[in-house]
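Trainee: Before we start, here is the structure in question, set down as structure tokens.
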Amino acid sequence: MEPLLKVENLVKHYAAGRPRASGHKFAALDGVSLSIAPQTTLALMGESGSGKSTLALCIACLERPTSGSISFEGINVAALEETQLRVMRPQIQLVFQDPASSLNPRWSALELVREPLFVQRRFSQPERERKALELLDRVALPRKLAGRRADELSGGQKQRVAIARALALEPKLILLDEALSALDCSVQAQISNLLVDLQSSLGLTYLFITHDFAMAAHLADQIAVMERGRIVESGPAEKILCAPSHDATRALLASTPRFTETQSVLVNA
């Protein structure tokens with residue numbers, strides 16, 4: 001099966017030091033390569049500052065890589081002009097860690113989900129309303145909350161709205177950048193189960209960025225571990241979880257309090 005997404009030798013440099021420093025660059029990404037098969041989940045793991053979010057921004061066409069390629073359905077999106085990217089971006093959606101900072105607090109849940117359809121000029125106004133309500137139903141947000149402003153919703157409810165908004169343009173790839181880490185454990189479980197159900201029913205592909213191996217064990221088919229802008233270990237989730245080969249992976253495992261129980265379940269499955 002051809003991968004939906006294939007990243008090859010991706011490099012992203014940012015200027016470092018004072019603005020007038022003599023051309024010194026910081027490599028946020030240093031030759032990253034990975035691929036994701038359709039309708040599967042790749043968990044991208046690593047400590048803060050390892051380059052995970054920068055990679056997500058490049059894949060989402062929100063940052064231009066310095067070099068390398070990002071192939072989505074066989075098209076190198078890193079080489080596209082801005083007008084071409086506008087056509088491509090709806091197919092790749094990003095859900096952020098903190099929905100409170102990514103959603104307009106004054107807009108209702110319904111308005112937030114309806115907006116991408118308006119911006120893309122899809123459907124008539126009544127059809128947008130109907131579509132937005134259907135999406136809120138799909139993420140299990142009660143209709144009585146559709147008129148509530150974002151700042152009146154709980155953290156879990158806001159994340160459901162963010163997911164519904166990401167689904168509005170019918171993407172094939174969703175990038176989840178620490179999308180569960182700001183939620184408490186019970187809500188994390190609810191949202192992770194929702195993601196599994198959505199993937200099954202809609203045929204979605206996920207890049208799930210996290211530092212939590214317990215969540216990766218639940219959601220991921222493949223795991224890739226980043227350190228200092230590079231992929232240092234990758235492979236099937238069960239192999240990485242049960243027999244890590246790199247020090248960075250072992251350190252992440254040791255720092256995940258809930259993982260001991262999860263690992264025991266995997267080993268005894």
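The values are calculated or read from the model by the stated rules, or taken from the named source; none is laboratory data. If you're wondering where the values come from, they're calculated on a predicted model, not measured in any experiment. With ideal geometry, Cβ positions are generated from the backbone for all residues, glycine too; neighbour counts draw on all protein chains shown.
Trainee: I want to confirm something. Restricting to the range 173-201 and keeping residues that are under 14 Å from the mean Cα position of the chain (by Cα) and polar (S, T, N, Q), which single residue is surrounded by the fewest Cβ atoms within 10 Å (Cβ to Cβ)?
Mentor: The extreme case among them is Ser181.
Trainee: Let me ask something else about it. For the range 91-106, name all the residues that are in contact with a helix residue (DSSP H, G or I) (Cβ under 6 Å, 6 or more places away or on another chain) and in a loop (DSSP other than H, G, I, E, B).
Mentor: Those that are in contact with a helix residue (DSSP H, G or I) (Cβ under 6 Å, 6 or more places away or on another chain) and in a loop (DSSP other than H, G, I, E, B): Phe96, Leu103, Pro105.
Trainee: How many residues does the range 123-172 hold that are within 22 Å of the chain's Cα centre (by Cα), surrounded by 14 or more Cβ atoms within 10 Å (Cβ to Cβ) and not in a loop (DSSP other than H, G, I, E, B)?
Mentor: The qualifying residues number 18.
Trainee: Something else now. When you scan the range 59-90, how many residues do you find that are over 29 Å from Asp197 (Cβ atoms), in contact with a strand residue (DSSP E or B) (Cβ under 8 Å, 6 or more places away or on another chain) and not in a loop (DSSP other than H, G, I, E, B)?
Mentor: 6
Trainee: So, one more: Can you tell me which of Val232, Val225 is among the hydrophobic types (A, V, I, L, M, F, W, C), under 30 Å from Tyr14 (Cα atoms), surrounded by fewer than 22 Cβ atoms within 10 Å (Cβ to Cβ) and modelled with pLDDT of 95 or more?
Mentor: Working: Val225 fails: surrounded by fewer than 22 Cβ atoms within 10 Å (Cβ to Cβ).
That would be Val232, the only listed residue that is among the hydrophobic types (A, V, I, L, M, F, W, C), under 30 Å from Tyr14 (Cα atoms), surrounded by fewer than 22 Cβ atoms within 10 Å (Cβ to Cβ) and modelled with pLDDT of 95 or more.
Trainee: Would you mind stating whether Ala216 is outside any strand (DSSP E or B), under 13 Å from Met45 (Cα atoms) and within 14 Å of the chain's Cα centre (by Cα)?
Mentor: On the way: outside any strand (DSSP E or B): yes; under 13 Å from Met45 (Cα atoms): yes; within 14 Å of the chain's Cα centre (by Cα): yes.
So Ala216 fits the description; yes.
Trainee: Moving on to the next point. In the range 70-95, what residues are out of contact with any Leu (no Cβ under 9 Å at 6 or more places or on another chain) and within 13 Å of Leu5 (Cα to Cα)? Talk me through it step by step, then tell me what you get.
Mentor: So the first thing to find is which residues in the range 70-95 are out of contact with any Leu (no Cβ under 9 Å at 6 or more places or on another chain), and the list is 74-76, 79-86.
Correct list: Gly74, Ile75, Asn76.
Trainee: Going by the structure shown, is Gln120 closer than 23 Å to Leu176 by Cβ and either within 19 Å of the chain's Cα centre (by Cα) or among the charged types (D, E, K, R) (or both)? Please lay out each step first, then the result.
Mentor: Numbers: closer than 23 Å to Leu176 by Cβ: yes; either within 19 Å of the chain's Cα centre (by Cα) or among the charged types (D, E, K, R) (or both): no.
No; evaluated as a whole, the condition is false for this residue.
Trainee: Test of understanding: among Lys6, Lys12, which residue is closer than 24 Å to Met215 by Cα, of a type in the set (Lys, Arg) and assigned to a strand (DSSP E or B)? Walk me through how you get there before you give the answer.
Mentor: On the way: Lys12 fails: closer than 24 Å to Met215 by Cα.
Of the residues listed, the single one that is closer than 24 Å to Met215 by Cα, of a type in the set (Lys, Arg) and assigned to a strand (DSSP E or B) is Lys6.
Trainee: Restricting to the range 25-48, and then to whatever is free of Cβ contacts under 8 Å to residues at least 40 places away in the same chain and over 18 Å from Ala216 (Cα atoms), can you tell me which residue is surrounded by the most Cβ atoms within 10 Å (Cβ to Cβ)? If you could, list the steps in order and put the result at the bottom.
Mentor: Keep residues of the range 25-48 that are free of Cβ contacts under 8 Å to residues at least 40 places away in the same chain, which gives 25-26, 35.
In the following step, the residues that additionally are over 18 Å from Ala216 (Cα atoms) were identified as 25-26.
Numbers: Lys25: 14, Phe26: 11.
So the residue we want is Lys25.
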